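**Student:** Below you will find the structure I want to go over with you.
The values are calculated or read from the model by the stated rules, or taken from the named source; none is laboratory data. Not measured: the values here are computed from a predicted model. Every residue, glycine among them, receives a Cβ derived from its backbone with ideal geometry; neighbour counts consider all protein chains shown.
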Amino acid sequence: MIIKKRQLLLATLIIALAAAVFVNWYYTKPQVESATAGTALTTAPEAQEGANLGDARYVISTDAVLEDAAAQAQASEYFAGAKLRRKTAHDEAAEALNDIIKDSASSSEAVSSAAKALEELANAITLESDLENLITAKVGCENLVILNGGNAEIIVENGSLDDVSIVKIKEVAVKHTGYPVDNITIIEMEY
């Protein structure tokens with residue numbers, strides 16, 4: 001049987017393709033279970049979005065990780081304290097309005113305006129909570145919403161703002177409050 005040049009070239013290409021597939025599989029196989037140690041060894045390359053071969057990578061030292069953890073704890077403490085202070089202020093305002101409503105010496109106009117103010121306060125409390133939950137769901141950051149006289153101030157944790165997240169936050173705030181975009185302020189917490 002005579003092997004023609006075309007058949008020889010085709011066989012060589014098939015062998016080269018098989019070798020390339022094997023090498024690709026070998027260096028990118030997902031995980032290999034270790035029978036002796038019981039741990040998984042990862043041989044897959046790390047996926048980096050937007051990264052190119054040869055790009056520089058930042059290495060985080062343990063000191064930077066500890067500083068970041070301390071800053072994160074400080075931010076969590078700030079948000080917890082701010083929410084507690086806001087809840088206390090809301091409770092005091094509600095108590096004062098309830099006192100006006102329950103006082104027999106109050107005029108009917110005072111009782112009516114206090115009842116209306118109490119209803120507005122309850123709606124504001126609910127709206128603040130709903131906005132905080134929606135912003136957390138959309139942007140994934142800890143935040144605090146303060147509604148005051150037709151203005152919304154939104155405080156977010158440090159490092160969570162970019163152009164996309166600002167648009168998402170303003171979209172949620174405008175949709176649920178009905179305030180114009182100019183009345184919505186987004187503040188990134190500094191720590």
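**Student:** Run Phe79 past the list (1) aromatic (Phe, Trp, Tyr); (2) surrounded by fewer than 10 Cβ atoms within 10 Å (Cβ to Cβ); (3) at pLDDT 60 or above and report the number of the one that doesn't hold.
**Tutor:** All conditions are met except number (2).
**Student:** Touching a Leu at 6+ places or on another chain (Cβ under 7 Å), acidic (Asp, Glu) and closer than 17 Å to Val172 by Cα: which single residue out of Glu142, Glu128 fits that description?
**Tutor:** Working: Glu142 fails: touching a Leu at 6+ places or on another chain (Cβ under 7 Å).
Result of the check over Glu142, Glu128: Glu128.
**Student:** When the residues of the stretch 133-170 are narrowed to those that are assigned to a helix (DSSP H, G or I) and out of contact with any helix residue (DSSP H, G or I) (no Cβ under 8 Å at 6 or more places or on another chain), which ends up surrounded by the fewest Cβ atoms within 10 Å (Cβ to Cβ)?
**Tutor:** Result: Asp163.
**Student:** Being under 29 Å from Cys141 (Cβ atoms) and either hydrophobic (A, V, I, L, M, F, W, C) or within 26 Å of the chain's Cα centre (by Cα) (or both) is the filter here, so list the residues in the stretch 95-129 that pass it. Let's see the steps before the verdict.
**Tutor:** As a first pass, look at the stretch 95-129 and keep what is under 29 Å from Cys141 (Cβ atoms): 120-129.
Across the stretch 95-129, the qualifying residues are Leu121, Ala122, Asn123, Ala124, Ile125, Thr126, Leu127, Glu128, Ser129.
**Student:** While we're looking at this one, here's another question. Six or more apart or on different chains, Cβ under 8 Å: which pairs go from a residue in the stretch 95-117 that's outside any helix (DSSP H, G or I) to one that's surrounded by 15 or more Cβ atoms within 10 Å (Cβ to Cβ) and aliphatic (A, V, I, L, M)? Could you list them?
**Tutor:** Ser106/Ile100; Ser106/Ala114
**Student:** (1) under 20 Å from Ala71 (Cβ atoms); (2) without any contact (Cβ under 8 Å) to a residue 60 or more places away in the chain: which one isn't true of Asn158, the others all being true?
**Tutor:** Of (1) under 20 Å from Ala71 (Cβ atoms); (2) without any contact (Cβ under 8 Å) to a residue 60 or more places away in the chain, only one is false for Asn158: (2).
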